[in-house]
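Q: Below is the structure I would like to discuss, written out as structure tokens.
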Amino acid sequence: MKQYSAVIKDGLILLAVSTLFVTVCGQFFKSLKKSVATDPMVTSVIQGKIQGLDAALGDKAYSEADKKEFATKELFQKTRANKQDEFGRTPLMWVAYANLLDAKEVGELDKKRVAFVEFMTKNGADLNARDKDGWTPLMWASWSGLNLVATKLVELGASGEGADRQGNTALTLAAQKGQTEIVKLLLGKGVDKAFATKSGKKAADFAREGLSQYPDKAAQYQAIMGLL
Amino acid sequence: MLTAAKNYFAEFKVLKTASREFWLINIITFFDMMAYFSTVNIITLYLTTNVGFNDVDSGAWVGIYSLYVTAFIFGVGSVCDVIGIKKSYYIGIVLLIIARLGFGLAPGFLTGDALKNVVIVFILMMSLGVAFMGPIHNTAMRRFTTKENRSTGFNVYYLIMNVGAIFAGFAVTDGFRNWLGDVKGNLAIMIFAFVMYVICFFCTWLINENNYADPTERTDTKELLKTRPIQVFLSVWKEKPFRRLVLFLMLTIGVRLVFTHQFLVMPKYYTRVLYGDFDLGLANSINPFIIIVGLILLIPIINKFDTFKLIVVGMAVSASSLLFMALPIQWFLSVPGVHNLSQAYKFVIFAQITVFAFGELIFSPRFTEYIAVVAPKDKVASYMSLAALPMFIAKPINGFVSGILVAGFSYEGIRAKIDSGNIAYGDSPEYMWAVYFLAALVSPIAVIAMKRVLTASHVEKKAADLAAAELSET
């Protein structure tokens, strides 16, 4: 063992220097950008674990919360369910978001996420909350192509009207992405199909653009153009 | 080209007489690389998706991991020489087995801060394990090859490393993620890595470490412990050539860090500007594939040129690769065959990977050569081992910076905002790459500007050679 002591000593020095170095670096970079820890509810949504939402909003979580701030469990749940991240997104927006190419995967995710929408709204999530760009959960679902989630949001009272800071609406986003079912849903709810974005484009213009850009989704875009 | 390929493989004939141990080391290397690259391909995604770290923290922890790997390599290098190949492998492999199994299983049992803390412990264990594996592969290759077949042996070793990296990408990473989705796929990749190390463990068990290919190379292990890392550093840091080397290495950090972006930044960039189920493993397989083809076909041609020029040209090519990703993405919609943003992003990604790999192929092998030229003859090994110092400092900083940049410019959901026109250039992933491009561009420019200082040893060496030649003539 004695023969190793010098090397172990050097190893410990290197370890200490490394740790000190990363600690200083960490403090410096943290002072540059205040990072917000990921909401465990968002992690649960991504992982598809609904019990994670229950843990964040349930009795145990409330018992550990500051009672001065949250006089009632309902207030705690409502505040918690609408907690925004640094881009203003609420957990419900994360429920309504997916960025997948494979239609089968999107379909499977869509089915699973419906229960999340129900759970979140039951616990006070704002259906018409807006992120920093002005997107609502329904706009996220429209872009993501989560048909069942969008349907559930509309059923529960989410508004299809309203635009983001560029003038995009749930309808223009759905038309742009070739989400035929969501376009049908929104038109069925009577949203304004003549509404134009700041760049002067209407939903039909986005569908026409999509048709030329994504020939593999021609059927969807043609169907949307027919609806509009 | 065909002749170059034939010549490359013709060399392998000398390995006919190589021992079983030589091939076992190559098998271990292959499985180790499969496990290593499949893990690093997804490590930032794993930390975010499966563990719950935000982008800043996941980048930071990968940076810290790489810092500890470098720190531990300094420390364990001489320990490996003394305790022997088998024990070193056992220690490294057992640490990696525990870490990978932990990564794979912990998210199923723990949540929140408890999970994060446990994963941090596994990250540190993995860094120590990786630190053991690197030096011991090299030592083993040396021990199980003779002077005659050593260079070919190392060529095979390098080839197998890259083949492992290729398979780890398109086969393992994409295979599991496409099969099980990103969340379960990441965990399955960790379990796969665990299985790889179990196989490595059994291969190690079969090694006879006393089967020296060249018995004259047996050394007194007690003597080896006298070379202590900090002592080595203290003995050379005052030397002018060493300071010159450090200057050179510092200047080239910008470009050399581009390689680390492949694991720190690219996975999140790919899956966010394209789609979550993008074949990121395939993208990460392109680099080692080009390196293999290039090694076989281009190296004999490239080697005819001057080292310093090759370093500058190679670095300039590598740095310029980032320009593709730094330009406004809409510009690429005018490229023939590119009709939409997804195709534009795929175009810039493929262009960056290809151009960078060519640059790397030109400059990377010349680095070692440069160090050997700068170092005094009796201190080449010390200079080589300390050449990692600037990267030791740069890697964690790069980890922190990458985390901040990804969180600000390549966050989850950004593609939706790009599609809808909510992202100006200053908020876009392209802006992030512009920052990296400028940092990388500093390297070739600074090296050209400092050419006189950096090549002083070359001049001195040439003068000495000339004087020696004149002396022998008289």
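Q: Could you grab me the full set of residues in segment B:263-290 that are of a type outside the set (D, E), farther than 20 Å from B:D55 by Cα and either surrounded by fewer than 24 Cβ atoms within 10 Å (Cβ to Cβ) or within 14 Å of chain A (Cβ to nearest Cβ) (or both)?
A: B:L282, B:I286, B:N287, B:P288, B:F289, B:I290
Q: Of the residues in segment A:17-44, how many are more than 7 Å from every other protein chain (Cβ to nearest Cβ) and surrounded by 20 or more Cβ atoms within 10 Å (Cβ to Cβ)?
A: Summing the residues that are more than 7 Å from every other protein chain (Cβ to nearest Cβ) and surrounded by 20 or more Cβ atoms within 10 Å (Cβ to Cβ) in segment A:17-44 gives 4.
Q: Can you tell me which residues in segment A:126-172 are within 12 Å of chain B (Cβ to nearest Cβ) and over 15 Å from the mean Cα position of the chain (by Cα)?
A: A:A163, A:D164, A:R165, A:Q166, A:G167, A:N168, A:T169, A:T172
Q: Same structure again: Conditions first: (1) assigned to a helix (DSSP H, G or I); (2) surrounded by fewer than 22 Cβ atoms within 10 Å (Cβ to Cβ); (3) modelled with pLDDT under 95. B:E148 passes all but one, so which condition is the exception?
A: (1)
Q: Let me ask something else. Which residues, taken from segment A:121-173, are part of a loop (DSSP other than H, G, I, E, B) and under 18 Å from A:I50 (Cβ atoms)?
A: Going through segment A:121-173, the residues part of a loop (DSSP other than H, G, I, E, B) turn out to be A:123-136, A:145-146, A:157-169.
A:N123, A:G124, A:A125, A:L146 - these are the residues of segment A:121-173 that are part of a loop (DSSP other than H, G, I, E, B) and under 18 Å from A:I50 (Cβ atoms).
Q: For the list (1) within 14 Å of another protein chain (Cβ to nearest Cβ); (2) open to solvent by less than 40 Å² (accessible area, probe 1.4 Å); (3) in contact (Cβ under 8 Å) with a residue 12 or more places away in the chain, I need the number of the one condition that A:Q77 fails.
A: The one condition A:Q77 does not meet is (1).
Q: Also, I was wondering about something else. So which residues in segment A:80-113 are part of a helix (DSSP H, G or I) and at the interface with chain B (Cβ under 10 Å from one of its Cβ atoms), if there are any at all?
A: We begin by selecting, within segment A:80-113, every residue part of a helix (DSSP H, G or I); these are A:80-81, A:91-95, A:103-113.
Those that are part of a helix (DSSP H, G or I) and at the interface with chain B (Cβ under 10 Å from one of its Cβ atoms): A:M93, A:W94, A:E105, A:V106, A:E108, A:L109.
Q: Tell me which of these A:G210 doesn't satisfy, since it passes every other one: (1) more than 12 Å from chain B (Cβ to nearest Cβ); (2) open to solvent by less than 70 Å² (accessible area, probe 1.4 Å).
A: That leaves (1) as the condition not met.
Q: Something else about it: Could you run through segment B:382-418 and say how many residues are in contact with a Cys (Cβ under 6 Å, 6 or more places away or on another chain) and of a type in the set (D, E, K, R)?
A: 0
Q: Also, I was wondering about something else. Consider A:T90 carefully, then state whether it is modelled with pLDDT of 90 or more, of a type in the set (S, T, Y) and surrounded by fewer than 21 Cβ atoms within 10 Å (Cβ to Cβ).
A: Considered against the rule, which asks whether it is modelled with pLDDT of 90 or more, of a type in the set (S, T, Y) and surrounded by fewer than 21 Cβ atoms within 10 Å (Cβ to Cβ), A:T90 comes out as no.
Yes or no, residue by residue, for (1) open to solvent by less than 20 Å² (accessible area, probe 1.4 Å); (2) more than 10 Å from chain A (Cβ to nearest Cβ); (3) at negative phi:
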{"position": "B:P390", "(1), (2), (3)": "yes, yes, yes"}
{"position": "B:P396", "(1), (2), (3)": "yes, no, yes"}
{"position": "B:G408", "(1), (2), (3)": "no, no, yes"}
{"position": "B:G413", "(1), (2), (3)": "yes, no, no"}
{"position": "B:A416", "(1), (2), (3)": "yes, no, yes"}
{"position": "B:G421", "(1), (2), (3)": "no, no, no"}
{"position": "B:G426", "(1), (2), (3)": "no, yes, yes"}
{"position": "B:E430", "(1), (2), (3)": "yes, yes, yes"}
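Q: Then there's this: It is to be established whether one or more residues within segment A:180-194 are without any contact (Cβ under 8 Å) to a residue 12 or more places away in the chain, surrounded by fewer than 17 Cβ atoms within 10 Å (Cβ to Cβ) and not in a loop (DSSP other than H, G, I, E, B).
A: Yes, some residue in segment A:180-194 is without any contact (Cβ under 8 Å) to a residue 12 or more places away in the chain, surrounded by fewer than 17 Cβ atoms within 10 Å (Cβ to Cβ) and not in a loop (DSSP other than H, G, I, E, B).
Let's see how each residue does on (1) away from chain A (no Cβ under 14 Å); (2) open to solvent by 20 Å² or more (accessible area, probe 1.4 Å); (3) within 23 Å of B:F392 (Cβ to Cβ):
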site	(1), (2), (3)
B:Y36	yes, yes, yes
B:V40	yes, no, yes
B:T44	no, no, yes
B:N54	no, no, no
B:G63	no, no, yes
B:I73	no, yes, yes
B:K87	no, yes, no
B:I93	yes, no, no
B:F103	yes, no, no
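Q: Still on this structure, please answer the following. Of the residues B:S342, B:S321, only one is surrounded by 21 or more Cβ atoms within 10 Å (Cβ to Cβ) and within 22 Å of B:T271 (Cβ to Cβ); which? Before you say what the answer is, go through the steps one by one.
A: Values: B:S342 fails: surrounded by 21 or more Cβ atoms within 10 Å (Cβ to Cβ).
Selected residue: B:S321, the only one of B:S342, B:S321 that is surrounded by 21 or more Cβ atoms within 10 Å (Cβ to Cβ) and within 22 Å of B:T271 (Cβ to Cβ).
The values are calculated or read from the model by the stated rules, or taken from the named source; none is laboratory data. Here the structure is a predicted model, which means the values were calculated and not measured. All Cβ positions, even for glycine, are placed from backbone atoms using ideal geometry, and neighbour counts span all protein chains on display. In case anyone asks, the SASA skips ligands and DNA or RNA and just uses the protein heavy atoms, side chains included. Shrake-Rupley method; radii C 1.70, N 1.55, O 1.52, S 1.80 Å.
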